[in-house]
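Participant: Okay, handing you the structure first.
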């Protein structure tokens, strides 16, 4: 029985150390986990759980990412229909909503790509940048930042 248990147990993901010589059984004397040559298993992502119960259909389990994708799609449609400012504002708000969902909802399904902090920072910064740029779009900007105008005049006139 012990031999069968050893056969079923997966080996550790280690790479041979280029410097170590093999022992009598052919295994390297020293092993390292620094640069494994292949991956036997991957860790489940932090938000890799389901947003709904397992018996719910797939779209219901992935409602956070579907919400963000639908809002971005609607924003792109509005932008294509020549409602540029509102379309881009909706895209930015969708990314900000994705950051909020990633922060509040513990299991967001496929909305979780990286660690929680990295996802929130990425969605938040990109969403905020898109919202600010949409508000500064010409003509008739909703937001004017005075030093940007001075910076533009300084760089163009020199």
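Participant: What's the extension gain from residue 121 to residue 107 if we count 0.36 nm per residue and subtract their Cα-Cα distance?
Facilitator: The span from residue 121 to residue 107 would gain 3.3 nm if fully extended.
Participant: While we're looking at this one, here's another question. When the C-alpha atoms of the stretch 58-157 are aligned to their principal axes, what extent does each axis show, in angstrom, from largest down?
Facilitator: Result, largest extent first: 55, 32, 17 Å.
Participant: Still on this structure, please answer the following. At 0.36 nm per residue, minus the direct Cα-Cα distance, what do residue 85 and residue 70 gain on full extension? Give it in nm, one decimal, please.
Facilitator: Gain on extension, residue 85 to residue 70, equals 3.6 nm.
Read-outs throughout are calculated quantities, based only on the coordinates presented, and are distinct from any laboratory measurement. Remember, it's a predicted structure, so these values are computed and weren't measured experimentally.
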